[in-house]
Amino acid sequence: MEERLGSRVLTDAERASRSMTKARWMALRDSLSSTSALGFRIDALLTPRAHLTAFDSRLFHTRARADVIAALRSFFPRRGECEGGSHPRQAAAALLARVRELRGALTRSAVFSRHELIGTTLLLAHPRPSLSLTRADRDHPP
């Protein structure tokens, strides 16, 4: 636990018991990531060049907007990896369009206007040559 969070954020009781409540864990995790400032965090990235998860990389502590942008950029293919002469900006534009489409659908949804989903996961997949964005936690109906 200390390796993930850092000893400076743990109380003496948490250090001694090597545990904490789920609410405390979630609040700490949100404060250490971009969740508090941006409303989301990146938990993992899988690219042809790397597989990063929050706990085995610096993603866990990615807070600043510039760091989030850098992490997202690393997800997209580089120019030489693009098929059919496409450009990484096209993939980024497709992602932005999909996020806007999803936001519009959620804004119009009667369910989402009355409920808040906490801990919802979006899965962004960019298998060459297409891109998709879907909710990964299917156990919660939209």
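Each reported figure results from applying straightforward, stated rules to the coordinates on display, with no laboratory input. Bear in mind that the values here come from a model prediction, so they are computed numbers and not experimental data. Here the Cβ is made from the backbone with ideal geometry for all residues, glycine too, and neighbour counts use every protein chain on show.
Checking each residue of the stretch 22-42 against the condition of being surrounded by fewer than 12 Cβ atoms within 10 Å (Cβ to Cβ), outside any strand (DSSP E or B) and under 14 Å from the mean Cα position of the chain (by Cα) gives at least one match.
When the stretch 45-73 is filtered for residues that are under 17 Å from Leu95 (Cα atoms) and surrounded by 14 or more Cβ atoms within 10 Å (Cβ to Cβ), the ones remaining, listed by number, are Leu45, Thr47, Val68, Ala71, Leu72.
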